[in-house]
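Structure record follows, encoded as structure tokens.
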Amino acid sequence: MTAWKLFKRRKNGSLGSLFINRKAVLPVGEWLVAESHPTKGFKLRPFWHCMSQPEAPHLSKKGRVWREVMVEDYSEFERPKSQGGKWLISRRIKIL
């Protein structure tokens, strides 16, 4: 299934996570398995958080870019419209 994910876009064009394990460079076109990275101030969420549409009104778009992703082994969660609506929580993604 395809979904959307908001990534940090670095000056060199590489992609990274917004909040957790921010230093990792996320490659395009490869399957990525969700990992657990405990981070102070954040709840432990060892999954990729994706959206059904490229909308997340609660997050800034500055320095960030929406990319379409393939998701596998996922669950759907309905969130408020102010948080983008339907979330897909996945164990595996591939950035397209």
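Within the option set LEU6, LEU32, LEU44, being free of Cβ contacts under 8 Å to residues at least 60 places away in the same chain and either outside any loop (DSSP other than H, G, I, E, B) or farther than 18 Å from ARG92 by Cβ (or both) holds for one residue only, LEU44.
The set of residues in segment 49-66 being touching a Lys or Arg at 6+ places or on another chain (Cβ under 7 Å) and closer than 24 Å to LYS11 by Cα consists of CYS50, GLY63, ARG64, VAL65. Restricting attention to segment 21-70 and to residues that are within 13 Å of the chain's Cα centre (by Cα) and among the acidic types (Asp, Glu), the residue that is surrounded by the fewest Cβ atoms within 10 Å (Cβ to Cβ) turns out to be GLU35. Tallying residues that are at positive phi and out of contact with any Asp or Glu (no Cβ under 6 Å at 6 or more places or on another chain) within segment 39-96 yields 4.
The number of residues in segment 47-96 being touching a strand residue (DSSP E or B) at 6+ places or on another chain (Cβ under 8 Å) and either among the small types (Gly, Ala, Ser) or in a strand (DSSP E or B) (or both) comes to 34. Can you find even one residue in segment 82-91 that is without any contact (Cβ under 8 Å) to a residue 12 or more places away in the chain, over 16 Å from LEU6 (Cα atoms) and out of contact with any Lys or Arg (no Cβ under 6 Å at 6 or more places or on another chain)? The answer is no, given that none of the residues of segment 82-91 is without any contact (Cβ under 8 Å) to a residue 12 or more places away in the chain, over 16 Å from LEU6 (Cα atoms) and out of contact with any Lys or Arg (no Cβ under 6 Å at 6 or more places or on another chain).
Each value in this text was obtained by applying a stated rule to the coordinates, not by laboratory testing. All of these numbers come straight from a predicted model, not from anything done at the bench. Don't worry about glycine lacking a Cβ; one is built from the backbone with ideal geometry, like all the others, and counts go over all protein chains shown.
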